[in-house]
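Quick notes on the structure that follows.
The values are calculated or read from the model by the stated rules, or taken from the named source; none is laboratory data. Everything numeric here is computed off the predicted structure, so don't read it as measured data. Surface accessibility is based on the protein's heavy atoms, side chains included, excluding ligands, DNA and RNA. Shrake-Rupley method; radii C 1.70, N 1.55, O 1.52, S 1.80 Å.
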Amino acid sequence: MAFRAGTTTKIYIANAAGALQDLSPYADNLSGAQNTAMLEVSSFGTASKVFIPGLIDNGQLSMSGPLDAALWTHLTALETAQQSGGSAAAAFVIGWGGSVATYPRTAGSVYVTSTAVTSSNSGVLTYTASLQVSGAVTNGVF
């Protein structure tokens, strides 16, 4: 198995017009998790709990990095459009090992749920953004 550095990760999020934009140059941290709810169906007379899978929670994506005006405008425009009810969830594509054939790819739709900026007199301006995944995602490879 060939391993890859995290520096090759690619993240694309659609703008308010629906066109995917490469936001990779503006991020230095990206994380997300997918969870399946486990529903207990134990009944009388059993000695151990029994479970069945329920709904999949595709969770949230969290991204951060040095603040850039283009990225900030992109994310806050999506957030504003969503708040006014004028925008559906934005499409996203993540290439966890870059946009290279055979490496993991996740795609779906997200809403921007929060954005924040951090400033310190001895450091660089940074941003964080939380993105709520809505609906199904497709996991595969490029």
Query raised in the report: If we keep just the residues of region 91-107 that are open to solvent by 60 Å² or more (accessible area, probe 1.4 Å) and part of a strand (DSSP E or B), which is farthest from residue 4 (Cα to Cα)?
Result: 105
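Of all residues in region 31-46, which are in a loop (DSSP other than H, G, I, E, B) and either more than 20 Å from residue 129 (Cα to Cα) or open to solvent by less than 70 Å² (accessible area, probe 1.4 Å) (or both)?
The first filter runs over region 31-46 and keeps only residues in a loop (DSSP other than H, G, I, E, B), leaving 33-34, 41-46.
Selection gives 33, 41, 42, 43, 44, 45, 46.
Quick check, is residue 88 over 14 Å from residue 131 (Cα atoms) and either over 14 Å from the mean Cα position of the chain (by Cα) or open to solvent by 50 Å² or more (accessible area, probe 1.4 Å) (or both)?
Values: over 14 Å from residue 131 (Cα atoms): no; either over 14 Å from the mean Cα position of the chain (by Cα) or open to solvent by 50 Å² or more (accessible area, probe 1.4 Å) (or both): yes.
No: the conditions fail for residue 88.
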Query raised in the report: If you take the residues in region 1-30 that are open to solvent by 50 Å² or more (accessible area, probe 1.4 Å) and of a type in the set (A, V, I, L, M, F, W, C), which one is nearest to residue 96 (Cα to Cα)?
Result: 5
